[in-house]
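Engineer: Quick one: the structure is below, questions incoming.
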Amino acid sequence: MGPRGSREGRGTLLDVIIGGALAGALYSLVAVGLNIQYGITRILNLAYGEILIIGAYITFIFFNFYGINPLLTLILSGLITFILGILLQVAVFRKLVHSSSSAVELEFRSLFACFGLIYIIQNLLAYIFGTTPIGVPYLMEGISILGERFKTNMVVTAVLSVLINAVMYVFIRFTKFGLAMRATAEEPLGAQLIGIDVLKVHLVSFSMGCFAAALSGSMVCLIYSNLTPYSGTFYTIIALIILILGGKGNFLGSVAGAFIIGCSYYAMLRFKAALADPVIYIILIVVLIIRPRGLFGRQ
Amino acid sequence: MSKSREKALSLKGYNLISFAVLAIIVTFFLLAPLFLETYYLSVLRNSLLFAALTISWFFFSGTTKYVSLGSAAFFGTGLYFTALYLEQSVLNKHLTILPLPVIMLMAGLLNFAIAFVVGLISLRLKGMYFAIATFALGEACRGIFNYAISDFMETHYTYIPPFSSEITYYTITVTAFTIFMLIFVLYRSKLGLALRAIGENEEAAAHLGVNTSLVKTFGFAISAMCIGFMGSCYVTIFTVTSPDIAFDFQFSFLPPMMAMFGGIGSFYAPLVGAVILSLLREFLGVTLVHHFLLILGIIIVLIAEFMPEGVVNFLKRWLMIKFRIRKRTF
């Protein structure tokens, strides 16, 4: 949340656009993870925000207790949650997919399992670390972009998010495994018929989603110092909203959606902070009514 | 068609055991304040509250398989309308003081109207998109109420004249049982049949002449109305409330969770599931605060994995196999 009141009136539009883009870059990483999970494995992971919070806690622990540079902890948090993602997919979601007779049943059961996971992760974190808000204050000093001042960590996290997004995009778009992932997203049965190991694809895409979630969680932790075990829900909602704006399975759509949400959220925080949350929900509801497939969705 | 409806509503086809059990339960709940302490009354009251919320959720989402995660929106609207009316009718001379049931009825009808409009718009969405839209609706309502209350009322809280614990208990009990009966009748009516048909296969239902969008909207509105009634009578337990309490998203998450815990195949299963889970929440939640929710989470994941039909249906099937019962007893 930027400082309010001091610069309003001069260059506000530029400020909102740059600030929104910086916030949007981080949100795009949040959303892309969920998009990969939902688009490819067809499981709506409502416990996504909780995995993001796990990432934040990993950064907090390694910074606070071992004094490791917060940017280096990103690697650790990514690795740990990638493994966690594999475990979750194998232990919980794989069986759900296999034993459900219809898509509707799978939706119901995965929703139910996600409620359970939300309870488990939130209370495990609260039990181990308590409910005191955590945060890693890092690079808090200001930096000037086109005459507007922003916190350095916002800029650093935005650049990193764009880089990570680019790497994931290249992986999905230009490698053979990425092709298999896209094929599975389009038509799981057909993909299996032409010899794609669907199980492996699901495993990797679910873990990649967790990986993106944890990285964005670690970065959120650098910017805001008010994260508790219970603040994951907000990020789940942000990711869901961007997922719908961008369209399911649309990587670049998610990035564009993240920019829209980032700008409107940042602008509302500036002018009327109390309305920041309702406005993004209203954007979501309006988009769902006008274009149920999302602003950039196909079909 | 009227003949089959008569049959559905008639008392034939129910054996005496069901009636005896029902009579005992109703008598127990009505006489409970005579022999139970206040704490146990509040436990009973809360379990009835959640049972009514669950069955209202089940009436639309369990039958049509359109998962609504927006119960909190309707619960909160009902609760907040009642709270504001009670507060303003004391403070403001122009507003007449009305008895609680009349305000509750108004709150329910308001919810019916809101849900009808929301349903007309949002029920075009399918599957998870509907779930996300309704969830956003609940959260948006919370934000807007928070903003409106703190901006126009110049305070974050709304004060409610206190009610005695007996009045609270009886308000919630009577409303909950009314909702059970209403939904039981509706579930077995033509509307309920149409809703279940939509849940099985929406296109086939449309081909058989069901006006699916109208039926869905009506079902959604009735479900929201019942949730609004419960929200409205829940106001009696508070002396002060705020939008964060009224629109708490546990009211969105718990009804579907309790319904799926019991199983969404029949009318009784979600009801029993809700009572079991809320009693567990009340008793174990006090003694083991963090552990309990952790254990609950593990239990829920295990049920999702191994008992997709829900605990109640699972137990029923297990008992039937164990004792070789062929006929359905209830």
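Engineer: Would you please name the residue that is nearest to the other protein chains (Cβ to nearest Cβ), looking only at residues in the stretch B:223-240 that are β-branched (Val, Ile, Thr) and buried (at least 23 other Cβ atoms within 10 Å of the Cβ)?
Structural biologist: Among those residues, the one meeting the criterion is B:227.
Engineer: Can I ask one more? Only one of A:81, A:59 is more than 14 Å from residue A:212 (Cβ to Cβ) and either modelled with pLDDT of 90 or more or touching a strand residue (DSSP E or B) at 6+ places or on another chain (Cβ under 6 Å) (or both); which?
Structural biologist: After ruling out the rest, the residue left standing is A:59.
Engineer: Could you check the stretch B:78-112 and list, in sequence order, the residues that are among the β-branched types (Val, Ile, Thr), in a helix (DSSP H, G or I) and without any contact (Cβ under 8 Å) to a residue 12 or more places away in the chain?
Structural biologist: B:102
Engineer: Further, regarding this structure: Quick check on the stretch A:57-68. Is at least one of its residues within 14 Å of chain B (Cβ to nearest Cβ) and either buried (at least 18 other Cβ atoms within 10 Å of the Cβ) or within 19 Å of residue B:300 (Cβ to Cβ) (or both)?
Structural biologist: No.
Engineer: Quick one: which residue in B:168, B:212 is under 24 Å from the mean Cα position of the chain (by Cα) and more than 23 Å from residue B:266 (Cβ to Cβ)?
Structural biologist: Result: B:168 is the single residue among B:168, B:212 that is under 24 Å from the mean Cα position of the chain (by Cα) and more than 23 Å from residue B:266 (Cβ to Cβ).
Engineer: Can you tell me which residues in the stretch B:157-176 are surrounded by 12 or more Cβ atoms within 10 Å (Cβ to Cβ) and either polar (S, T, N, Q) or more than 21 Å from residue B:105 (Cα to Cα) (or both)?
Structural biologist: If the condition is that a residue be surrounded by 12 or more Cβ atoms within 10 Å (Cβ to Cβ) and either polar (S, T, N, Q) or more than 21 Å from residue B:105 (Cα to Cα) (or both), then B:157, B:158, B:165, B:168, B:171, B:173, B:175 are the ones that fit.
Engineer: For the stretch A:41-48, indicate whether the set of residues that are outside any helix (DSSP H, G or I), of a type in the set (Lys, Arg) and either within 12 Å of chain B (Cβ to nearest Cβ) or in contact with a Gly (Cβ under 6 Å, 6 or more places away or on another chain) (or both) is non-empty.
Structural biologist: Yes, the stretch A:41-48 has at least one match.
Engineer: If you don't mind, another one. From the set of residues in the stretch A:221-235 that are surrounded by 24 or more Cβ atoms within 10 Å (Cβ to Cβ) and under 14 Å from the mean Cα position of the chain (by Cα), which is farthest from residue A:155 (Cα to Cα)?
Structural biologist: A:232
Engineer: Going by the conditions given, is residue A:92 surrounded by fewer than 20 Cβ atoms within 10 Å (Cβ to Cβ) and either in contact with a helix residue (DSSP H, G or I) (Cβ under 7 Å, 6 or more places away or on another chain) or under 27 Å from residue B:126 (Cα atoms) (or both)?
Structural biologist: no
Engineer: Give the residue, chosen from A:111, A:88, A:96, A:106, that is within 24 Å of residue A:33 (Cβ to Cβ) and at pLDDT 90 or above.
Structural biologist: A:88
Engineer: Would you please name the residue that is modelled with the lowest pLDDT, looking only at residues in the stretch A:236-264 that are small (Gly, Ala, Ser) and buried (at least 22 other Cβ atoms within 10 Å of the Cβ)?
Structural biologist: A:247
Engineer: Would you pick out the residues in the stretch A:97-110 that are crowded, with 22+ Cβ neighbours inside 10 Å and either within 29 Å of residue A:71 (Cβ to Cβ) or touching a residue at least 24 places away in the same chain (Cβ under 8 Å) (or both)?
Structural biologist: A:110
One line per residue, one yes/no per condition, for (1) modelled with pLDDT under 90; (2) small (Gly, Ala, Ser):
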{"residue": "B:59", "(1), (2)": "no, no"}
{"residue": "B:79", "(1), (2)": "no, no"}
{"residue": "B:83", "(1), (2)": "no, yes"}
{"residue": "B:91", "(1), (2)": "yes, no"}
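Engineer: Looking only at the stretch A:247-283, how many residues end up being more than 24 Å from residue A:13 (Cβ to Cβ) and not hydroxyl-bearing (Ser, Thr, Tyr)?
Structural biologist: Count: 7.
Engineer: Look through B:214, B:294 and report the one residue that is part of a helix (DSSP H, G or I), within 14 Å of chain A (Cβ to nearest Cβ) and not polar (S, T, N, Q).
Structural biologist: B:294
Engineer: Within the stretch A:115-123, does at least one residue satisfy the condition of being in a helix (DSSP H, G or I), surrounded by fewer than 17 Cβ atoms within 10 Å (Cβ to Cβ) and within 8 Å of chain B (Cβ to nearest Cβ)?
Structural biologist: No: the stretch A:115-123 contains no residue that is in a helix (DSSP H, G or I), surrounded by fewer than 17 Cβ atoms within 10 Å (Cβ to Cβ) and within 8 Å of chain B (Cβ to nearest Cβ).
Engineer: Tell me, yes or no, whether the stretch A:198-205 has at least one residue that is crowded, with 18+ Cβ neighbours inside 10 Å, closer than 19 Å to residue A:163 by Cα, at pLDDT 90 or above and in contact with a helix residue (DSSP H, G or I) (Cβ under 9 Å, 6 or more places away or on another chain).
Structural biologist: Scanning the stretch A:198-205 turns up at least one residue that is crowded, with 18+ Cβ neighbours inside 10 Å, closer than 19 Å to residue A:163 by Cα, at pLDDT 90 or above and in contact with a helix residue (DSSP H, G or I) (Cβ under 9 Å, 6 or more places away or on another chain).
Engineer: Filter the stretch B:146-156 down to the residues that are over 16 Å from residue A:234 (Cβ atoms) and within 9 Å of chain A (Cβ to nearest Cβ), then identify the one that is surrounded by the most Cβ atoms within 10 Å (Cβ to Cβ).
Structural biologist: B:147
Engineer: Restricting attention to the stretch B:113-154, and to residues there that are among the hydroxyl-bearing types (Ser, Thr, Tyr) and free of Cβ contacts under 8 Å to residues at least 60 places away in the same chain, which single residue is nearest to residue B:215 (Cα to Cα)?
Structural biologist: Once the filter is applied, the top-ranked residue is B:122.
Engineer: So, one more: Please verify whether the stretch B:181-197 includes one or more residues that are of a type outside the set (A, V, I, L, M), assigned to a helix (DSSP H, G or I), within 14 Å of chain A (Cβ to nearest Cβ) and over 30 Å from residue B:35 (Cα atoms).
Structural biologist: yes
Engineer: So, of the residues in the stretch A:275-299 that are loosely packed, with under 15 Cβ neighbours inside 10 Å and of a type outside the set (D, E, K, R), which turns out to be farthest from the other protein chains (Cβ to nearest Cβ)?
Structural biologist: Across the stretch A:275-299, the extreme among qualifying residues is A:299.
Engineer: For the condition under 24 Å from residue B:132 (Cα atoms) and at pLDDT 90 or above, what is the one hit in B:275, B:215?
Structural biologist: B:215
Engineer: Which residue, of A:225, A:207, A:254, is away from every other protein chain (no Cβ under 14 Å), touching a residue at least 60 places away in the same chain (Cβ under 8 Å) and not in a helix (DSSP H, G or I)?
Structural biologist: When all the criteria are applied, what remains is A:225.
The rows are residues; the columns are (1) within 29 Å of residue B:183 (Cα to Cα); (2) part of a helix (DSSP H, G or I); (3) away from chain A (no Cβ under 13 Å); (4) in contact (Cβ under 8 Å) with a residue 12 or more places away in the chain.
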| residue | (1), (2), (3), (4) |
| --- | --- |
| B:248 | yes, no, no, yes |
| B:251 | yes, yes, yes, yes |
| B:257 | yes, yes, no, yes |
| B:265 | yes, no, no, yes |
| B:274 | yes, yes, yes, yes |
| B:281 | yes, yes, no, yes |
| B:298 | no, yes, no, no |
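The values are calculated or read from the model by the stated rules, or taken from the named source; none is laboratory data. Everything quoted here is computed from the prediction, not taken from an experiment. Cβ: placed from backbone, ideal geometry, glycine included. Neighbour counts: every protein chain shown.
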